[in-house]
Amino acid sequence: MKVYNTLSGKKEEFSPQGKEVRMYVCGVTPYDEAHIGHAMSYIIFDVIRRYLRSQNYKVKYVQNVTDIDDKIIDRAAKLGITPAELAKKYTESFDEDMKDLNIFRAETDIYPRATEEIPKIIEVIAGLVDKGFAYPAGGSVYFRVRNDPDYGKLSHRSLEAMRAAECAVGGEEKEDAMDFALWKASKPGEPFWESPWGEGRPGWHIECSAMSLKYLGETLDIHGGGQDLIFPHHENEIAQSESFTGKKPFAKYWMHNGLLQFGEDKMSKSLGNLITIREALNRYSPDAIRIFVLSSHYRSPLTYSEEGLEAAEKGAERLMRASSLGGSKAASAQALDAETYHKRFNEAMDDDFNTAQAIATLFDLAREINEAGDSGLSFSKAQSLLAELGRDVLGLKLPETRIISAGKVTFRISGKLSAKSTVIPDTVSARVNRLIEERVNCRKEKKWQQADEIRKKLAELGVILEDTQTGTDVTYKSVPSEESLNSLMKELGIAL
RNA sequence: GGCGACGUAGCCAAGUGGUUAAGGCGGGGGUCUGCAAAACCCCUAUUCACCGGUUCGAAUCCGGUCGUCGCCUCCA
């Protein structure tokens, strides 16, 4: 398996330290709703992790929550609530988003919060001060960048070049403009913790060093995040961690996803041009969002577009249909060769997680299944493979089809409804089934106009009917209200 | 200004020395169907921004030109 490492700028053979892969992915600062740029990043690392698991690696996963920083304090002050309340609210909202996007979580995962890791953070800062890599000034503590000869190795730039850019600002108390804060003295009214340097709170970068050290040890296998974190965040993490432990590298493989673009610009909170994950989920299925993200390479930027999401929705529908296609009773024993697809899929994923090619393989497999279905060949093996790779590795839901009404009606849920485990109320399905039954009778009697009318009206309510050789398939794209069905039945003169 | 990425069909997007240049969406034609839908089949890039060069051979390597974007400040 080859993995692109930002540190070396090359694809490298993946060889973790042990059987268990130690993986750390930078989490969010919960001060607002997460947007689909976040979704992109977490979907990508989710798939990387799922693939590692499918290749029989164990993965020990840690993802932080930066629940204290300037933005949280400012925002909370504006809203008149405490920073802790604000952070809690948006952490919960983020967790809900991740759940609906089908992001894998294991019992053994750790999602540490900065505010709950203060002792470890102070321990690391104190260690850096002892070793001369950091110095207190004015109640804060700064990292002494010039003492780290490796500084800049991840972002591939020199200290001189950075100084020349004259972008480093503030900090009259700093020895060097490039030095960054490990510990920030608190201002009146701000939340604070006691420390050897006075009341204050942790700087942004230090929590990741402290948490990864505490939960994953001195050397990580994979450290991931968006490309916007390469500098300064990850550069600073390396500086802190390697200076503290004296061990290099802090992380064997640094993986960074490309950023989501929105029109001409990057989608970001500061530009205000964002679509939240919640808004996206209200319009598109989680599978569509995943296919949209995974259809291009994870290191390339991706531009958000309605057309792109709609195209992905159609694709998701296609995979879902193939994975739930009912087998013919007359299917011959001759099965198609699923193994070549499995091989192609793995080869794509082994090459730095080429999900675009992996998905293309699934589309080819779907075509084979449909073809086999048309020609009466057995395709159950191919179908299990499609479901396995789609669900377990790419994290798609590929909503299950359930056969109801004695095999006459195939029931499906698709589109955005699949984000939650939607249940169609009995009162609703009873009415829909009654309408289908009525339509079946109309068709038997060749009352085509009436049959078409029922189909059309149900479609307007988000219930799609399709006739097959064995009966009628019903797909719920939304759940109609009992009342709307009642009035439809009244209009058509059909009694329950 | 410094560092980096990218420019492949109507749109999205793989491919990075020799393959018929993946796949999805869209469009056109057909099969099936009462009609639809779905599915399947065929067609939709003689060509990979442009100009030179290396090579028996380049979308793929090198140089240049034009264009787009990211990072250098909080960000996934």
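The values are calculated or read from the model by the stated rules, or taken from the named source; none is laboratory data. Worth saying up front: this structure is predicted, and the values here are computed from it rather than measured. Neighbour counts are summed over all protein chains in view; Cβ atoms, including those assigned to glycine, are modelled from backbone coordinates with ideal geometry.
Observations
- Qualifying residue in segment A:408-416 (condition: in contact with a Leu (Cβ under 8 Å, 6 or more places away or on another chain) and modelled with pLDDT of 90 or more): no
- All of A:VAL47, A:VAL59, A:VAL65, A:VAL25 fail the test of being more than 15 Å from RNA strand B (Cβ to nearest atom) and surrounded by 20 or more Cβ atoms within 10 Å (Cβ to Cβ), apart from A:VAL59.
- Of everything in segment A:418-469 that is touching a helix residue (DSSP H, G or I) at 6+ places or on another chain (Cβ under 8 Å) and among the acidic types (Asp, Glu), the residue that is nearest to RNA strand B (Cβ to nearest atom) is A:ASP467.
Residue-by-condition table, conditions (1) more than 24 Å from A:SER300 (Cα to Cα); (2) of a type in the set (S, T, N, Q); (3) within 15 Å of RNA strand B (Cβ to nearest atom):
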{"site": "A:ASP337", "(1), (2), (3)": "yes, no, no"}
{"site": "A:MET349", "(1), (2), (3)": "no, no, yes"}
{"site": "A:GLN357", "(1), (2), (3)": "no, yes, yes"}
{"site": "A:ALA360", "(1), (2), (3)": "no, no, yes"}
{"site": "A:LEU365", "(1), (2), (3)": "yes, no, yes"}
{"site": "A:GLU371", "(1), (2), (3)": "yes, no, yes"}
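- Any chance A:ILE206 is touching a helix residue (DSSP H, G or I) at 6+ places or on another chain (Cβ under 9 Å), touching a residue at least 24 places away in the same chain (Cβ under 8 Å), away from RNA strand B (no atom under 13 Å from the Cβ) and hydrophobic (A, V, I, L, M, F, W, C): no
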